[in-house]
Amino acid sequence: MGQRLGVNVDHVATLRQARRATYPDPVTAAALAELAGAEQITIHLREDRRHIQDRDLRLLRETVQTVLNLEMAATQEMVKVAYEHKPDTATLVPERREELTTEGGLDVANQRDALARVVKSLRDGDIAVSLFIDPDLDQVRAAHKANAQRVELHTGRYCEARDPRERDRELARILDAAKAASKLGLGVAAGHGLNYDNVRPIARILEIDELNIGHGIVSRAVLVGFERAVREMVELMRNPR
Ligand code: PXP
C-alpha cells in the first residue's frame, strides 16, 4: 500500500488574502486536488486567520470527498472550532504569531498533560488526532503516552539540509522515528518542505502512510500554469469581441 497524498491548500488562500479578493479559492483548489488523486485535504486555520478563513473550513467540510485534516493550535478556542466543523482528523501544531510557517514540531514531552487533555477532547468528539513532532524518539513516545492516534514527522530539517551527510543523518532520524511510531501502533505521516526534488527518499519509507505537501505543489502550479494563463489572456485581448 502506498502513501496517501494530503494536499495543503493554505497557499492558495494566501494568494487570495494578499488582495482580500474572492479568488483563487482554496475550496476550488481542493476539488481539483482530489480529482488529480489527492486523498486528503489539509488546511491550517491559524489564530490570526492570515490565510485560511472560517468560511473555507465550513465549505471544505461540506465539499471535501476524501479526508479533511485540520491543522490547529492546541487551544480551547480551536477545540471549539473543531467541534463546530468536525474535520476527520486534527493535527496539533505549535503556533507562534510571528513565524512565517510552522517552524518546529510540538514539544510533547514537556507539555504532555496539557496536550493529552486536548487530545481527549478531540477524540471524545470523534476527531482522530495527530501530533506534529520532530523526528525524535522521546517525542514519539510522548505522543503515544498522550494518547494520539497518529504522529506527523517534521521533515523540514531534512529538506533544508544542503550537506549530503547532514541530509542522510536527518533521513535516518525520520526513518527511526517512523519505525518507532509504527511499532507503538501509531499512524505515521510526514511533511514540511517536501517538493519534487526531495520527496522520493521519504516516499520509500514503508512505515509512513501519508505525506502533507503544500508549498511545493502550489509553487509548481504557479509555474506550470503560467504559460497557459498568459496565452489565454493574449488570446482574449486579440479577440475581444
Ligand atoms: N504538515 C504540517 C503539520 C504543516 O504545518 C505544514 C505547513 O503548513 C505542512 C505539512 C506543509 O508544508 P509545506 O507547505 O512546506 O509543504
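No value in this document is a laboratory result; all are computed from the given coordinates. A quick note: this is a predicted structure, and the numbers were derived from the prediction, not measured. Neighbour counts run over all protein chains shown; Cβ positions are idealised from the backbone, glycine included.
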Could you say whether any residue in the range 36-55 is part of a helix (DSSP H, G or I) and in contact with a helix residue (DSSP H, G or I) (Cβ under 8 Å, 6 or more places away or on another chain)? yes
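Every residue, every condition in (1) among the hydroxyl-bearing types (S, T, Y); (2) in a helix (DSSP H, G or I); (3) under 14 Å from I174 (Cα atoms), yes or no:
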residue	(1), (2), (3)
N195	no, no, no
I205	no, no, yes
I217	no, yes, no
A221	no, yes, no
A229	no, yes, no
M233	no, yes, no
Count of residues meeting criterion [under 29 Å from D126 (Cβ atoms), within 16 Å of the ligand (Cβ to nearest atom) and either hydroxyl-bearing (S, T, Y) or not in a strand (DSSP E or B) (or both)] in the range 148-193: 8
When the residues of the range 54-77 are filtered to those that are within 23 Å of L211 (Cα to Cα) and polar (S, T, N, Q), which remaining residue is surrounded by the fewest Cβ atoms within 10 Å (Cβ to Cβ)? Q65
Could you give every pair whose Cβ atoms fall below 6 Å, whose first residue belongs to the range 216-236 and is within 13 Å of the ligand (Cβ to nearest atom), and whose second residue is in a loop (DSSP other than H, G, I, E, B) and not hydrophobic (A, V, I, L, M, F, W, C), counting only separations of at least 6 or pairs across chains? G216/N195
Being among the charged types (D, E, K, R) and within 15 Å of T91 (Cβ to Cβ) is the filter here, so list the residues in the range 118-138 that pass it. R123, D134
Filter the range 1-29 for residues that are assigned to a helix (DSSP H, G or I) and either among the β-branched types (V, I, T) or under 13 Å from the mean Cα position of the chain (by Cα) (or both); the one that is farthest from F132 (Cα to Cα) is T28
Checking N212, N195, N239 in turn, the sole residue that is polar (S, T, N, Q) and touching a residue at least 40 places away in the same chain (Cβ under 8 Å) turns out to be N212
